[in-house]
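Structure, as structure tokens:
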Amino acid sequence: MSILENGQVSALRKTSEHFSFCSQVPKAKPKHRIETHVCGNMEVENGEGQVQVHLKTKQEHYAVPDVPYAIEGSVSTTELNIFLNALLQSKGAEGVDFDFLVFDEYLRGRLCDHLREKAISFEDAIDIEYVERFPAPEPQDCLLHDDWVSAVKASGKWILTGCYDNTINIWTYKGKHKLTIPGHTAPIKAVDWISLDDENGRFVSTSQDQTAMMWQWNIASNAVECVSVCKGHERGVDSVCVSPDAQRFATGSWDTMLKIWSAELEDAGDSTAKRAKESGVRTPRMTLQGHRESISAVQWMDCNTLLTSSWDHTLKVWDLNLEGIKTEISTNKSIFDASYSKLNNLIVTASADKNLRLYDARTNQGSVVRNTYLGHNAWVQTVMWSNTEEFLFVSGAYDNQNKLWDCRSPKAPLYDLLGHGEKVLDIDWSNPKYIVSGGADNTVRVFKSSKATVENMETK
């Protein structure tokens, strides 16, 4: 395998029962003569003929000559990686693993099968985009708890967890336990950070005891106090999310209500602020009704727009200025979690039928599923987009597995993140360097992203 001195790509052939490669280049010297094959369309469809392709990438340091290549229709990612790495030898890049996008979807089988599924003519020149494969996250510490871990949220070097033993816990990423916080009278269902610096942390927790509680943590003294108890829901509170400006937080409950609360230490906007401060009880700023069953997830899309998902089979986008529903997406499944990406404006959902689904709330056909992701073997409980990688998200399910997905790869996840011995209840990727999950095996599992670590070191 070599590159000619004049820059033309030499014939690269690897002959076997299934595939061969040869590049189409201008006429070369006789000793570099390239054999050509005349293949019928049926041969290509059966994986026995050749397809003409252009190899393209947005990663310029991995670019190859922009010439057409004739490759066997039966090739898969493995053979394409061998071929591409041979072309990249002159750039000193060897042993790089790539994934290949053909018509905006990852190649996961034979090229001919992929083209047939997309109803693409085998006689057309095909653009194949290649991207460096996202490295596998590495398992790190296992944080042992006394009961099911139903809520996890990371910020900086800290991990906040909520348990079925009614306690909140604070940990470091290295597995050191800092604090156990009692206060709730029923299992914790959700937690979120309000603010965090070197001296203090503020966070909110919600519980099946029908309340949300705001907390202030002095890091130096490792002491915590409950700032206020937020009352107003009539059933368990399953979800919470703090606004981007940290001024408010939203909660969703089994009572079907969405409530907005002040996240300020002094709730000056409440007419009963003085009395509330004395009693430690806080009431909601706003209550929004629209769901017919439990609200399973709530997320701020911006400072005045919220996304909710529900067991009533719907996603709703709320405009807080109008105090009403802006958009509704109807599905045919109960939704147990939903995540919105600010990078691509898409929503991914988790359901009991083992599948994840992708929606676009911006279109007039918002209820049309953009993609369905197959891979879990049980009820999918939790899902979250990366906040730095446009195409990546993670999920956790009752099959005891976490999975890392690329939204362009619906047929299979990028990686299975193994470790839990029981069902996964919550997953978080707030810190780009760590994927954190809690489960019914009483543990929190931490997976480290080697890509994020490398990029973080390069930018320091």
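The values are calculated or read from the model by the stated rules, or taken from the named source; none is laboratory data. Worth saying up front: this structure is predicted, and the values here are computed from it rather than measured. Backbone-built Cβ (ideal geometry, glycine too); neighbour counts: all protein chains shown. Areas reflect the complete protein model, heavy atoms only, side chains present, ligands, DNA and RNA absent. Shrake-Rupley method; radii C 1.70, N 1.55, O 1.52, S 1.80 Å.
Going by the alpha-carbon gyration tensor, a ≥ b ≥ c the square roots of its eigenvalues, is region 138-459 rounded (a/c under 1.5) or, if a/c is not under 1.5, prolate (a/b greater than b/c) versus oblate? Judged from the Cα gyration tensor, region 138-459 comes out oblate (a/c at least 1.5, b/c at or above a/b). For the residue pairs Lys354/Lys403; Lys403/Lys423; Lys403/Lys433; Lys189/Lys333; Lys153/Lys189; Lys176/Lys423, the C-alpha atoms sit more than 18 angstrom apart in Lys189/Lys333; Lys176/Lys423. Suppose R0 equals 22 Å; then what is the FRET efficiency for Asp113 and Ala378 from their Cβ-Cβ distance, rounded to the nearest 0.05? About 0.20, to the nearest 0.05.
For Arg110, Arg248, write out the residues from largest to smallest accessible area, computed with a 1.4 angstrom probe and no ligands counted.
Correct descending sequence by accessible area is Arg110, Arg248.
If you sort Thr206, Thr256, Thr78 by accessible surface, 1.4 Å probe, largest first, the order is Thr78, Thr256, Thr206. Within the same chain, aspartates and glutamates fewer than 8 places from Lys326 are excluded, and of the rest, those with a Cα less than 16 Å from its Cα are Asp302, Asp360.
Other residues within the sphere of radius under 9 Å centred on the Cβ of Arg408, judged by their own Cβ, net out at -4 (K and R +1, D and E -1). Does region 315-460 come out rounded, prolate or oblate by the C-alpha gyration tensor, with a ≥ b ≥ c the root eigenvalues, rounded set by a/c under 1.5 and, if not, prolate when a/b is larger than b/c and oblate if not? Oblate, since a/c reaches 1.5 and b/c is not below a/b.
Quick check: convex hull of the Cα atoms in region 142-274, volume per residue, rounded to a whole Å³?
Output value, Cα hull per residue: 107 Å³.
Ordered from highest to lowest accessible area with the whole protein assembly present and a 1.4 Å probe, Lys58, Lys91 read as Lys58, Lys91. Annotation: His420 carries an accessible surface of approximately 20 Å², with a 1.4 Å probe and no ligand, DNA or RNA atoms counted.
With the gyration tensor restricted to C-alpha atoms of region 190-250, the semi-axes of the equivalent ellipsoid amount to 22, 13, 8 Å, longest first. Restricting region 96-200 to GluC sites (Glu not before Pro) that sit in a DSSP loop and have at most 15 other Cβ atoms within 10 Å of their own Cβ leaves Glu123, Glu199.
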